[in-house]
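Input: a single structure, listed below in structure tokens.
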Amino acid sequence: MSTDHIPYQPIQFTNEDREKQAQAYDEFMNRRRTVRNFSDQPVSRKVIGHLIMTASSAPSGAHKQPWTFCAVSDPDTKKAIRKAAEKEEYDSYHGRMSERWLEDLKPIGTNWEKPFLEEAPWLIVVFKKVYDRIDGTKASNYYVNESVGIACGFLISAIHNAGLVTVTHTPSPMNFLGKILDRPEEERPYLLLPVGLPAKDAMVPNFKRKNLNQVSKWY
Ligand code: IYR
């Protein structure tokens, strides 16, 4: 079976505009920060729907779009997720994580407590679909981690573009998410993103990012 092909509709810029665009997007994205303190101000379902559709526009292996985005605003479900995540995180911070890892996290100031899982108006739980069920048989997807990782990048940039904040939360292990959200066996939890407005007094670590020379080699 072949898919028909249609003409690509390029975004038209002059070279001068392109430099401006590239610089402006660099500066815009450089303002993104991981934020762990959320305001309880609501965010509309419409906004969350657009964020998910941006994420789902990401490239994926053989265009299988091997992902499900679970948007959670129900307080009881958020509470259950927080409780289960904190149980795992407590064990991680008290024995599962290495001394060096805990030392590396000190400047960020994280610990096992995750109030943001209840405070943020939305949690977006991203699941990767390791296979699809086609007529009752299992059909493996391709480059699933790469595809879902790219979709999460799109999602994080869309969140920032909407003036919202998030924290890439990966409680480990996170099988509990599939149970609480009643996901089928082929869906595995990949990333949990609380989404909302920042708390008025939200603080972030005073990090500096690596410069162009530090992150690139030119040939
Ligand atoms: N998942 C834990 C620990 C953690 C790990 C890394 I690497 C971070 O950059 C931040 C936190 C937690 O969410 O606290």
Original post:
What size of dipole, in debye to the nearest 20, comes out for the range 35-197 about its Cα centre when the only charges are +1 on Lys and Arg C-beta atoms and -1 on Asp and Glu C-beta atoms?
Top reply: 240
Subject >> Sequence-distant lysines (8 or more away, or on other chains) whose Cα lies within less than 25 Å of LYS200 >> reply: LYS46, LYS78, LYS79, LYS106, LYS114, LYS208
**OP:** Could I have the simple spin-label model distance between TYR142 and TYR90, label points 7 Å from Cα toward Cβ, reported in nm to one decimal?
**Re:** 4.6
**OP:** Compare the Cα positions of ALA22, ILE150, THR77 along the charge dipole of the chain (+1 at Cβ of Lys, Arg; -1 at Cβ of Asp, Glu; about the Cα centre) and return the one farthest towards the positive end.
**Re:** ALA22
Original post:
Tell me, what HN-Hα J-couplings in whole Hz come from the Karplus equation 6.51 cos²θ - 1.76 cosθ + 1.60 at θ = phi - 60° for each residue of the range 214-219, using x for Gly and Pro?
Top reply: 6, 10, 9, 10, 10, 10
Original post:
Using a Gaussian network for the chain with springs between C-alpha atoms less than 10 Å apart, which of these wobbles most: ASP26, ASP135, ASP40?
Top reply: ASP135
Subject >> Projected label distance in nm at ALA162 and VAL204, using a 7 Å step from Cα toward the beta-carbon >> reply: 1.8
Subject >> Accessible surface, per residue, of the range 100-144 when the full set of protein chains is kept, probe 1.4 Å, Å² >> reply: 61
**OP:** Report, by chain and number, residues whose modeled amide H sits under 5 Å from the one on TRP67, excluding near sequence neighbours (fewer than 5 apart, same chain).
**Re:** LYS129
**OP:** Using Cα positions and a limit of under 19 Å, work out the aspartates and glutamates in reach of LYS210, with same-chain residues fewer than 8 apart set aside.
**Re:** ASP26, GLU27, ASP104
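Relative contact order, percent, of the chain when contacts are C-alpha pairs under 8 Å separated by at least 6 residues?
32
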Original post:
In the range 81-139, carbon and sulfur make up what percent of the accessible area (probe 1.4 Å)?
Top reply: 50
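Roughly what % antiparallel, to the nearest 5, for the DSSP beta bridges in the chain? Let's see the in-between values first.
Numbers: 22 of 23 bridges.
Taking every DSSP beta bridge with both residues in the chain, the antiparallel ones total about 95 percent.
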**OP:** Find which of LEU191, MET174, HIS160 sits farthest along the positive direction of the dipole of the range 159-219, computed with +1 on the beta-carbon of Lys and Arg, -1 on that of Asp and Glu, about the Cα centre.
**Re:** HIS160
Original post:
How much space per residue, in cubic angstrom, does the convex hull of the C-alpha atoms of the chain take up?
Top reply: 197
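The values are calculated or read from the model by the stated rules, or taken from the named source; none is laboratory data. Model, not experiment: these values are computed from the prediction. Note that we place each Cβ from the backbone using ideal geometry, even for glycine, and neighbour counts take in every protein chain shown. Only protein heavy atoms, including side chains, enter the accessible area calculation; ligands, DNA and RNA are left aside. Shrake-Rupley method; radii C 1.70, N 1.55, O 1.52, S 1.80 Å.
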